[in-house]
Each structure stands twice: as C-alpha cells, then as structure tokens.
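First the structure, in the form of structure tokens, and then the observations on it.
The values are calculated or read from the model by the stated rules, or taken from the named source; none is laboratory data. Quick caveat: nothing in here was measured; it's all calculated off a predicted structure. Ideal geometry is used to build each Cβ from the backbone, glycine not excepted, and the neighbour counts take in all protein chains shown. Just so you know, the surface numbers come from the protein's heavy atoms only, side chains and all, with ligands and any DNA or RNA stripped out. Shrake-Rupley method; radii C 1.70, N 1.55, O 1.52, S 1.80 Å.
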Amino acid sequence: MKAKVKSIKGDGKFKELFKYEIELDNGEFGKIYKKNDDSGLYEGQEIDYEINDKGTLKVFTDFEKKYKSRGGQLIKYPSTKDELIIRQSSLKCAIDFVIANGGDTNEVIKLAEKFTQYVLQEDYKSTNVTPKTDDLPF
C-alpha cells in the first residue's frame, strides 16, 4: 500500500531499539523500530508499506524495491556488473543464433534483449524473431 507520512512521534525504546509511532495520511497508524535515534522518515514522504497484526509498520525501501516477488520467493536483481555480463552473454548467443539461422542486426538486438529478459526473470515479453529461410546452396 502507499501513503504519505503525516506525523512521526518518538515512542520510547523496546530493548535496544528506538520506537516510533507513524501516522499516515490515510488514517492508519503503525510502529517502526530502529537501531539509532532516527526514524529514517520525514513528514510528507510517500512510502510503500505493510502493517502486520501487531501494528508494526514495514516500510519498503528503495533497496527492497529492487526485489520482485515470484511465486512467493524473492528474486534479487543482479548488480550492474552482473547485468552487463548477462547482456554480453545474451548478445553473443543472439549473434550465434542469427549467423546459424539468418537475419540482420535488428534481429540480433531483439533476440539479445529477449535472452536478457529471460535470464533476469523480468516480465518476459515475447519478440518475433524469425530466421530467414534461404535455400541451401547444395
């Protein structure tokens, strides 16, 4: 769910954690727990969140938004370096495929993007790459 932070109030400590009561602009309240004396939120900030049965507010940070839910499991997006390796590998495979089956550079790029999407498990979008059907010379 999304909402804007309406107010932040310090609410003491729980063991070694600082507690904060957060009021959202949609009327919901929740508590967050932090290791240091800073809630990490500010009034007017729009947040993605969930509230559990105990009233604890789970705020999804930008880091956590880099994860996608797939079948109940979280899959981490690769780092920039990993993504470059995947893209290079996909490009090489696409080139090999087009050399073997005919085609042009536009088809290489489409196919490489298709392979990359598949490996990264992004929303897989099918692209139409049809090899040329030249008659063999023999």
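Observations on the model:
- In a fully extended conformation the segment linking residue 46 and residue 58 would gain 3.0 nm over its present Cα-Cα distance, using 0.36 nm per residue.
- In order through segment 47-60: 3J(HN,Hα) via Karplus (6.51 cos²θ - 1.76 cosθ + 1.60), integer Hz, x for Gly, Pro: 10, 9, 8, 9, 10, 8, 4, 8, x, 7, 8, 9, 9, 8
- When each of 58/92; 13/81; 6/35 is checked by Cα-Cα distance, pairs over 32 Å: 58/92; 13/81
- By a 1.4 Å probe calculation restricted to protein chains, residue 46 has an accessible surface near 110 Å², given to the nearest 10.
- Solvent accessible area, Å² - residue 39, 1.4 Å probe, full protein context: 10
- Across segment 1-42, the volume of the C-alpha convex hull divided among the residues equals 68 Å³ per residue.
- Distance-filtered residues of segment 27-48 - backbone nitrogen under 15 Å, label point 7 angstrom along residue 6 Cα→Cβ: 27-31, 43-47
- Residue by residue, segment 28-39 carries 3J(HN,Hα) couplings of 7, 10, x, 10, 10, 10, 10, 6, 10, 7, 8, 6 Hz when phi is fed to the Karplus relation 6.51 cos²θ - 1.76 cosθ + 1.60 (θ = phi - 60°); x denotes Gly or Pro.
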